[in-house]
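Chemist: Let me begin by handing over the structure; questions about it come next.
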């Protein structure tokens, strides 16, 4: 059973961010820019100097970071990583709101929610639907599902990550389900959404929102394909390949046709094998061209 919370305002609310990869740092920067005292922690040293320079406070341990704030946001590579970090912190998280913005499958989101419920933790699962440079802007879109009281308490603070921060319901898997559907191919997306109990019409506005940020992505990809320099600026190919894997597993779990996804997975696997993981997603152009 989660605890009741009173609604907070968006002014100077302490926030902790666990995980300082490209996306984690963008979350921390957005909270700092919005005026929230922000504590950060990363599993490995050497990351986050940019957000510390902006005013974030680096904690020496994950537990110290958690105890610094009433709102704890975690963003790691997948739920294996977030589970490993959070498991020892159950006691420290008591009385706080945990928001997991790690990308993975709806099934993993629900498993994490079951762990939180076991420890009586207020838990929200979320999905970041925009690139790192869009986080914290009016076009930012971060989906949330799970503990309604926790969401209502911290919604004004979570909007620091993007003006669009909808609550999708108390099924903790809904944010991830929307994430998988929206990152899927268009027609396949609606099939996956329906399999997850999402009304296709309710998905459409979020898909429309996402298409609004595509023009600059198209221009950036064209520039990279022309130059042959695939330097990651935010999410790298390895991170995007993990998302493809999550979508494929979600679709397989519902026994959907995955022939298109399997083809894309084959491309990303070859790209990773070629050492392109740290580069940008546009590097797939070279993998596809090599198949000629």
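Chemist: So which residues in the range 42-66 are in a helix (DSSP H, G or I), in contact (Cβ under 8 Å) with a residue 40 or more places away in the chain and in contact with a helix residue (DSSP H, G or I) (Cβ under 7 Å, 6 or more places away or on another chain), if there are any at all?
Modeler: Within the range 42-66, 62, 66 qualify.
Chemist: Same structure again: Give the range 203-219 a look and list any residue that's buried (at least 16 other Cβ atoms within 10 Å of the Cβ) and without any contact (Cβ under 8 Å) to a residue 60 or more places away in the chain, or say none.
Modeler: Those that are buried (at least 16 other Cβ atoms within 10 Å of the Cβ) and without any contact (Cβ under 8 Å) to a residue 60 or more places away in the chain: 203, 207.
Chemist: State all residues of the range 140-164 that are at pLDDT below 95 and touching a helix residue (DSSP H, G or I) at 6+ places or on another chain (Cβ under 9 Å); if no residue qualifies, say none.
Modeler: Answer for the range 140-164, where residues must be at pLDDT below 95 and touching a helix residue (DSSP H, G or I) at 6+ places or on another chain (Cβ under 9 Å): 140, 141, 162, 164.
Chemist: Might you let me know whether the range 185-193 holds any residue that is under 30 Å from residue 34 (Cα atoms) and at pLDDT 80 or above?
Modeler: no
Chemist: When the residues of the range 263-287 are filtered to those that are within 24 Å of residue 181 (Cα to Cα) and exposed (fewer than 14 other Cβ atoms within 10 Å of the Cβ), which remaining residue is modelled with the highest pLDDT?
Modeler: 266
Chemist: Can you confirm whether residue 71 is surrounded by 22 or more Cβ atoms within 10 Å (Cβ to Cβ) and either in contact (Cβ under 8 Å) with a residue 40 or more places away in the chain or touching a helix residue (DSSP H, G or I) at 6+ places or on another chain (Cβ under 9 Å) (or both)? Working first, answer last.
Modeler: Values: surrounded by 22 or more Cβ atoms within 10 Å (Cβ to Cβ): yes; either in contact (Cβ under 8 Å) with a residue 40 or more places away in the chain or touching a helix residue (DSSP H, G or I) at 6+ places or on another chain (Cβ under 9 Å) (or both): yes.
Spelling it out, residue 71 is indeed surrounded by 22 or more Cβ atoms within 10 Å (Cβ to Cβ) and either in contact (Cβ under 8 Å) with a residue 40 or more places away in the chain or touching a helix residue (DSSP H, G or I) at 6+ places or on another chain (Cβ under 9 Å) (or both).
Chemist: Just one of (1) outside any helix (DSSP H, G or I); (2) crowded, with 18+ Cβ neighbours inside 10 Å; (3) at pLDDT 95 or above trips up residue 28, so point out which.
Modeler: Exception for residue 28: condition (1).
Chemist: Do we find a residue being touching a strand residue (DSSP E or B) at 6+ places or on another chain (Cβ under 9 Å), more than 13 Å from residue 160 (Cα to Cα) and modelled with pLDDT under 95 anywhere in the range 11-22?
Modeler: Checked against the condition, which is being touching a strand residue (DSSP E or B) at 6+ places or on another chain (Cβ under 9 Å), more than 13 Å from residue 160 (Cα to Cα) and modelled with pLDDT under 95, the range 11-22 yields no hits at all.
The values are calculated or read from the model by the stated rules, or taken from the named source; none is laboratory data. Because the structure is predicted, anything quoted here is derived from the model rather than measured. Note that we place each Cβ from the backbone using ideal geometry, even for glycine, and neighbour counts take in every protein chain shown.
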